[in-house]
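In what follows, a structure is listed as structure tokens, so that the remarks can point back to it.
Only the coordinates and a few stated rules stand behind these numbers; no lab work does. From a predicted model like this one, the values you see are computed outputs, not experimental measurements. Ideal geometry is used to build each Cβ from the backbone, glycine not excepted, and the neighbour counts take in all protein chains shown.
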Amino acid sequence: MPITQNDTIQTIADQYPDLIPQFEKSGFASYFKPESLKKIGRFTRLGTLLRSANIDVEAFLGMLNEQLSQGAAVSTEEKAIHELHFMAMLPCGLRNPFKDFLESHILDHPEAYAGLDYLTEGNVNHELSYYPMLDHVSSADELPEIMLASDVNNFFHRPFQERFVGKGIFETFTPYTPNPYLEKSGFADPSGNYTMLTANMLVMAVDTERLGNTPIPEVWSDLLSEAFTDEIIMRGEDDFFCNAIMLPFYKEHGFYAIRQMAQNIRTGKHPAEMVKLADKGGDDAATIYIMPYFFAKKIKNPNVKLLWPTDGAIASPVFMMVRKSAMEKHCSLLNFLLSKETGELLVSRFFPAIHPDVKNTLPEPVKWLGWDFLNNNDIGKLKDEIRDVFMEVWKQKAVV
């Protein structure tokens, strides 16, 4: 039986192990590691993987099947696409407690969740792996029936919106009028496609000792000051920096803000690393850290002041995509995900809840990018343009 573009990479790894070196030569080694196969390999189709890397699908399939005809080992097991019902890609502050909370609930209700196949992961694990492939998914059958995701990622890109969102594949699950905390900023999707669950609230942490006589920033635009050249650390790594931060700066100040941020940002770190730097101090520390409120609350250094900007903490979205056809099938799970109990878990981790009976204890106001901006811009293209402008300045700074 020949390999087709609809085969999952898990199927290929299981049934055609002798072909894995060919994938490694083509730059896909990371996708065939056991941990990756266990996570996204079981529902990621070969065609999507190849298209995401701009590789000619038919030519690659021809090469693989020619190798098979020449004697590569083949299993006689029947090939099948593994169906994943629910996938959650959550911010690091939520991933572990939510996973434990979900698994405990499922174990307590075995009959309601018999046969449910689910996966809970940290969002950072997929920022540079699974999300980019969404631009190349051609069939809704390739997607889990319910997906939780974080940040302004590829679910907001034009290819995904045109193939799926615009065709009515997804529907907002709204069992109640949401809590006003996030709704004051217009957080809910007026088009009824994205279920907006919560937000990772991004704030500033300022080392007042390093700040010296420089005025303490009060609003986000204060970070564009030349006084903060090379003095800011935010979430990022290598050539990737948090879109949830870059997009609001672009929205309000254009590419000027992106160029100035490239001058002012020293490096990108995981928020947990920022906490350690802020507490330790020293030459590697920064004056300002842009990080989630959850992590900022962990800083113990008395010289580091947590600042909720007066124009609002930036709401990096955590949202759910629910296939309209799966609403009734997964009603128990959906009601649990939007329950008061889940809302209370969110608030305990410094994430706002949308359940009307849960009291949000976070400060105000909230800065939300807004649906007009998301719908009226080609977000994927814009993110690429922002990255290019940022990196042009960033690389010049590194040379100097």
Response to the item:
Rounded to the nearest 10 degrees, the helix 243-264 long axis (Cα) sits at an angle to the longest Cα principal axis of the chain of 70
Fill in: Sites T174 and D283 - FRET efficiency at Förster radius 56 Å, r taken between beta-carbons, to 0.05
0.65
Worksheet, complete the sentence: Contact order relative to length for the stretch 9-69, counting C-alpha pairs under 8 Å separated by 6 or more residues, stands in percent at 36
Worksheet item: Against the longest alpha carbon principal axis of the chain, how many degrees, from 0 to 90 and to the nearest 10, is the axis of helix 271-280 turned?
Response: 40
Worksheet item: If you take the Cα atoms of the stretch 202-241, find Rg, then find the Kirkwood Rh from the mean of 1/r over all pairs, what is Rg/Rh?
Response: 0.97
Item to complete: Estimate the FRET efficiency between D100 and F240 by the formula 1/(1 + (r/R0)^6), using the beta-carbon distance for r and 25 Å for R0, to the nearest 0.05.
Response: 0.30
Item to complete: Could you calculate the contour length gain from S221 to M327, that is, 0.36 nm times the residue separation minus the distance between their Cα atoms, to one decimal place in nm?
Response: 33.9 nm
Practice prompt. Multiply the residue separation of I55 and D141 by 0.36 nm, subtract the distance between their alpha-carbon atoms, and state the gained length in nm to one decimal.
Written response: 28.7 nm
Practice prompt. Among L223, L94, L211, rank each residue by its count of other Cβ atoms within 10 Å, from fewest to most, as a rough exposure measure.
Written response: L211, L223, L94
Response to the item:
Among T267, L90, T172, the residue whose Cα sits farthest towards the positive end of the charge dipole of the chain, when +1 is placed on the Cβ of each Lys and Arg and -1 on the Cβ of each Asp and Glu, is T267
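If you put +1 on each Lys and Arg Cβ and -1 on each Asp and Glu Cβ, how big is the dipole of the chain around its Cα centre, in Debye rounded to 20?
Charge dipole, the chain, about its Cα centre: 620 debye, nearest 20.
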Worksheet entry | Size of charge dipole - the stretch 9-69 - debye, nearest 20, with Cβ of Lys, Arg +1 and Asp, Glu -1, no other charges | 340
Discussion item. With an 8 Å Cα cut-off and a minimum separation of 6 or more residues, compute the relative contact order for the chain in percent.
Written reply: 19
Worksheet item: Quick one: length gained pulling K276 to M63 fully straight, 0.36 nm per residue minus the C-alpha distance?
Response: 71.8 nm
Worksheet item: With the dipole of the chain worked out from charges on the C-beta (+1 for Lys and Arg, -1 for Asp and Glu) around the Cα centre, which of I20, C242, N54 lies farthest toward the positive end?
Response: C242
Response to the item:
Too long for a 24 Å Cα-Cα cut-off, among K276/K297; K184/K251; K276/K359, are K276/K359
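Treat every Asp and Glu Cβ in the stretch 319-400 as -1 and every Lys and Arg Cβ as +1, leave all other atoms uncharged, and give the resulting dipole magnitude about the Cα centre to the nearest 20 debye.
With Lys and Arg at +1 and Asp and Glu at -1, about 200 debye.
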Worksheet item: Tell me, what is the FRET efficiency for A29 and K251 to the nearest 0.05, using R0 = 35 angstrom and their Cβ-Cβ distance as r?
Response: 0.40
Response to the item:
One can check that the equivalent ellipsoid of the stretch 217-259, built from the alpha-carbon gyration tensor with semi-axes equal to the square roots of five times its eigenvalues, has lengths in Å, largest first, of 16, 14, 10
Worksheet entry | Approximate spin-label separation S191-E364, in nm, with each point projected 7 Å along Cα-to-Cβ | 2.9
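Would you mind telling me the antiparallel percentage of the DSSP bridges in the chain, rounded to 5? Spell out each step's value before the answer.
On the way: 25 of 41 bridges.
Looking only at bridges with both residues in the chain, the antiparallel portion is about 60 percent.
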Worksheet item: How far apart, in nm, are two points set 7 Å out from the Cα along the Cα-to-Cβ line at N335 and at L306?
Response: 3.5
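Enter the per residue convex hull volume of the stretch 9-69, computed from alpha-carbon coordinates, in Å³ rounded to the nearest integer.
Spelled out: Cα convex hull of the stretch 9-69, divided by residues, is 74 Å³.
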Practice prompt. Any chance you could give the angle, 0 to 90 degrees and rounded to 10, that helix 92-108 forms with the longest Cα principal axis of the chain?
Written response: 50
Discussion item. Sort 163-173, 286-296 by packing, meaning the average of other beta carbons within 10 Å per residue, with the highest value first.
Written reply: 286-296, 163-173
